[in-house]
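Trainee: Okay, here's the structure, questions in a sec.
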Amino acid sequence: MPLETVFLDAGGVLVYPNWSRVSEELARHGVDADAASLAAAEPLAKRRLDVEKTIDATNDASRGWLYFNLVLETAGIARSSSTDAALTELHAFHMTSNLWEHVPDGVRPVLDALRDAGLRLVIVSNANGTLRAAFRRLGLADYFVEILDSNEVGVEKPDAKIFELALERSGGSAASTIHVGDLYHVDVLGARAAGIRGVLLDERGLYDGVDCPRVGSLEELQRKVERGEFD
């Protein structure tokens with residue numbers, strides 16, 4: 001069946017933490033951590049987080065604190081009262097404005113191409129209720145026929161219900177939909193539970209051997225879509 005609908009995760013796929021803001025907040029608390037080092041550590045930290053035992057034992061809110069501490073640890077920064085204070089300030093910002101505010105240069109051209117190809121684009125994201133406003137602020141909201149923020153809809157990935165709700169709201173069908181996300185145990189398995197094909201965005205090649213399609217970039221996703229690999 002031809003591909004008609006593309007579900008996309010937000011964080012880690014289209015938008016990323018503003019590591020400059022993180023670095024500056026850490027510096028205000030006496031912690032030296034440059035933005036480039038934090039960005040380089042992030043995929044490795046996220047891979048450590050993305051294991052069945054951890055995902056099953058946490059929810060999105062509790063994983064956020066663990067995620068940032070893993071990034072710091074992977075970057076060689078020991079946890080301390082100073083890092084805790086900085087992360088508390090960053091969390092307060094995130095809860096009002098959304099810290100995932102960096103949009104890589106390649107995102108908009110890929111979204112343009114997918115939309116111009118007639119595909120229905122939908123956001124399915126574990127978020128905190130600020131995602132819709134953040135996407136408007138970043139100029140991304142108009143690309144999507146629906147934006148599902150888990151905080152707004154009351155269910156989060158990997159629960160199949162959020163994917164089923166996304167199908168219902170967007171008018172899509174599971175057979176003609178793919179979901180692109182950056183966490184295997186959240187995005188791929190959650191989508192699969194709803195009968196949707198999961199595609200893992202694995203930018204650093206950290207998921208050898210997983211039982212799903214992988215792409216190393218959004219540009220690779222676009223090429224595979226254009227070649228009909230998901231039809």
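Trainee: Explain nothing, just compute: Karplus ³J(HN,Hα) = 6.51 cos²θ - 1.76 cosθ + 1.60, θ = phi - 60°, for every residue of the range 17-25 in order, whole Hz, x for Gly and Pro.
Mentor: x, 7, 5, 5, 5, 4, 4, 5, 5
Trainee: Trypsin sites (Lys or Arg not before Pro), restricted to the range 123-230: which are DSSP loop and have at most 10 other Cβ atoms within 10 Å?
Mentor: Hits after loop and neighbour filter: R227.
Trainee: In percent, how large is the relative contact order of the chain, given Cα pairs closer than 8 Å and 6 or more residues apart? Walk me through the intermediate numbers first.
Mentor: Numbers: 373 pairs, mean separation 58.9, N = 231.
This gives 25 percent for the chain.
Trainee: Can I ask one more? DSSP beta bridges in the chain, what fraction antiparallel, as a percent rounded to 5? Before the final figure, lay out each step's value.
Mentor: Values: 2 of 21 bridges.
Among the beta bridges of the chain, antiparallel pairing accounts for roughly 10 percent.
Trainee: Where does the range 1-115 land on Rg(C-alpha)/(2.2 N^0.38 Å)?
Mentor: Numbers: Rg = 15.8 Å, N = 115, 2.2 N^0.38 = 13.4 Å.
Dividing the Cα radius of gyration by 2.2 N^0.38 Å gives 1.18.
Trainee: Across the range 121-138, in residue order, what do the Karplus-derived ³J(HN,Hα) couplings come to in whole Hz, using 6.51 cos²θ - 1.76 cosθ + 1.60 with θ = phi - 60° and x for Gly and Pro?
Mentor: 9, 9, 8, 10, 9, 6, 8, 10, x, 9, 5, 4, 5, 5, 5, 5, 4, 8
Trainee: Counting only protein heavy atoms and using a 1.4 Å probe, what share of the accessible area of the chain belongs to carbon plus sulfur, as a whole percent?
Mentor: The C+S portion of the solvent-accessible surface of the chain is 48 percent.
Trainee: Explain nothing, just the number: dipole magnitude of the range 111-227 about its Cα centre with +1 on each Lys and Arg Cβ and -1 on each Asp and Glu Cβ, in debye rounded to the nearest 20. The partial results should precede the final answer.
Mentor: Numbers: 15 positive and 19 negative charges, 34 e Å.
Magnitude of the dipole: close to 160 debye.
Trainee: Using C-alpha positions alone, give me the convex hull volume of the range 101-223 per residue in cubic angstrom. Don't skip to the end; give the middle numbers.
Mentor: Numbers: hull volume 13.2 nm³, N = 123.
Expressed per residue, the convex hull around the Cα atoms of the range 101-223 is 107 Å³.
Trainee: Can you list residues from other chains, or at least 5 along the same chain, whose modelled amide H is less than 5 Å from the amide H of D182?
Mentor: Amide H to amide H, under 5 Å and 5 or more residues apart or across chains, D182 pairs with L201.
Trainee: At 222 nm, what value in deg cm²/dmol follows for the chain if DSSP H runs of at least 4 each add -39500 (n - 2.57) and the sum is divided by all its residues, to the nearest 500?
Mentor: Dividing the helical sum by the residues of the chain leaves -14000 deg cm²/dmol.
Trainee: Going out from 0 in 5 Å bins, what whole percent of all Cα-Cα distances in the chain drops into each bin?
Mentor: Per 5 Å bin, starting at 0, the Cα pair percentages come out as 1, 7, 15, 19, 20, 17, 11, 6, 3, 1, 0, 0.
Trainee: Related question: Skipping prolines and chain starts, which residues have an amide H placed within reach, meaning under 5 Å, of the one on V210, given they are 5 or more residues away or on another chain?
Mentor: So V210 has HN proximity to no qualifying residue.
Trainee: Tell me which residues come under 5 Å, amide H to amide H, from G129 once H is placed; ignore anything under 5 positions away on its chain.
Mentor: It is N151, E152, by chain and number.
Trainee: In Å², what does the accessible area per residue of the chain work out to with a 1.4 Å probe? The partial results should precede the final answer.
Mentor: Numbers: 10210 Å² over 231 residues.
The answer is 44 Å² per residue.
Trainee: With all protein chains present and a 1.4 Å probe, how do H102, H29 order by accessible area, largest first?
Mentor: Numbers: H102 95, H29 60 Å².
Accessible-area ranking of H102, H29, largest first: H102, H29.
The values are calculated or read from the model by the stated rules, or taken from the named source; none is laboratory data. Computed from a predicted structure; not experimentally measured. Neighbour counts are summed over all protein chains in view; Cβ atoms, including those assigned to glycine, are modelled from backbone coordinates with ideal geometry. Please note that ligands, DNA and RNA were not included when accessible areas were found on the heavy atoms of the full protein model with its side chains. Shrake-Rupley method; radii C 1.70, N 1.55, O 1.52, S 1.80 Å.
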